[in-house]
C-alpha cells in the first residue's frame, strides 16, 4: 500500500475531523507528545499536527484536524482513499513519561486529541491518572472512550454547562485542588489554547505543582532551521519544534507567545485578565 493514504475518515464534531492515515514508519516510531508536519497538496503550505494516536501493528496514525484556515479545510475535505502529499515525522521531543504518582492531564478543545497518547503512556507507567477535558459544549468532547479507558478519574467541563462542570478547565481545577488539599497531583500536563494553558499554570503555581504545557507557536519546517517557532522559556529563547513542543509552563512567557500568534490568529486576541474574570478562575487558598 502506498504511504499517506487515508484509510478512514470520521467527523469528531462540527469543526473537527479525524483521519486515519497509512504511514508505517511514523507509526512505528511515534511517541506520546510528538507531532508531524503535513503538506496537503503540491502547492500547499506546511502545517504541524499532533499525533492523536498511532498503531504500529497496522502502520497507521490518527490526526485530529480543526477546520480553521485554507490547509486545514483542504485536509478535512479529503476522503477515504485520497492521499496526503507529504507527512514528515515524528518530530519534537516525546513527553516525559515515568511513574510520578498522581498525574492530571488537562485538554481543551482540539487539544484533547494529543492528550490521548499521553494519558495512555502515563497509565501504563503506573500512574494514577486524572483526566480533565473541556469544550464549548458536549459535542466537542472528543476521544472520550479512549480517555476513559486509561483514566482513573474522568472529569468534563463545558462552557455552556451542557454536561459536567459549567465553565473552563482552569475553574474546575481550582475547585478540585481546593476541595482535595491532601490529594495534590504530582504533575499536571495541559494542552489547549494558549490562554487556557496560562490559566492552568496560574492555578497550579501557588501549589508548587510541576505543570507541563504543549506549545503551538507558528511553525514552518519543524526541524529548528527556520526559527519561526521560537518561544521564551525561563528567559531563554528556545524552539518549539526541536526543544519542545512541551515545556515547563511556569517558565513560559505566554505574553510573548500570545502576541506572536496574534499576528495571524484573531481568536487569541483576548486579554488574560478578561479571560480569568469571565471564567472566575481566581485562586482561593
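Here, each number is a calculation from the coordinates, and none is a lab measurement. In this text the structure is predicted, and so the values were computed from the model without any measurement. Counting neighbours? That spans all protein chains shown, and the Cβs are built from the backbone with ideal geometry, glycine included.
A few comments on the model shown:
- Rounded, prolate or oblate (a/c below 1.5 giving rounded, otherwise prolate when a/b exceeds b/c) for segment 41-99 by Cα gyration tensor: prolate
- DSSP-defined antiparallel bridges as percent of all bridges, the chain, nearest 5: 60 percent
- Helix-only CD estimate at 222 nm, as mean residue ellipticity for the chain, using -39500 (n - 2.57) per DSSP H run (n ≥ 4): -7000 deg cm²/dmol
- Taking all Cα pairs closer than 8 Å and separated by 6 or more residues, the relative contact order of segment 136-240 comes to 15 percent.
- Its residue count N fixes a reference of 2.2 N^0.38 Å for segment 94-228, and the Cα radius of gyration divided by that reference is 1.03.
- Take every pair of alpha-carbon atoms less than 8 Å apart whose residues are at least six positions apart; their mean separation over the length of segment 1-100 yields a relative contact order of 36 percent.
- In this simple spin-label approximation, residue 232 and residue 83 carry label points 7 Å from Cα along the Cα→Cβ vector, and these lie 4.6 nm apart.
- Principal-axis tilt of helix 115-124 within the chain, Cα atoms, nearest 10 degrees: 70 degrees
- Helix 194-204 axis, angle to the chain major axis (alpha carbon atoms, nearest 10°): 40 degrees
- With neighbours defined as other Cβ atoms within 10 Å of a residue's Cβ, the residues 1, 196, 133, 238 order from fewest to most as 1, 238, 196, 133.
- Peptide packing for 169-175, 182-188 was compared via the average number of neighbouring C-beta atoms within 10 Å per residue; ordered from the highest value, the list is 169-175, 182-188.
- In a fully extended conformation the segment linking residue 182 and residue 144 would gain 10.9 nm over its present Cα-Cα distance, using 0.36 nm per residue.
- Correct choice for Cα Rg over 2.2 N^0.38 Å that was computed from the model, options (i) 1.06; (ii) 0.96; (iii) 1.02: (ii)
- Contour excess over end-to-end distance, with Cα ends at residue 251 and residue 46 and 0.36 nm allotted per residue: 71.0 nm
- Dividing the mean sequence gap of close Cα pairs (under 8 Å, 6+ apart) by how many residues the chain holds gives a relative contact order of 15 percent.
- Divide the volume of the convex hull around the Cα atoms of segment 5-91 by the residue count and you get 82 Å³ per residue.
- Cα gyration tensor shape for segment 78-160, rounded if a/c is under 1.5, else prolate or oblate: oblate
- The GNM of the chain, with springs linking C-alpha atoms under 10 angstrom apart, assigns the highest mean-square fluctuation among 261, 141, 215 to 261.
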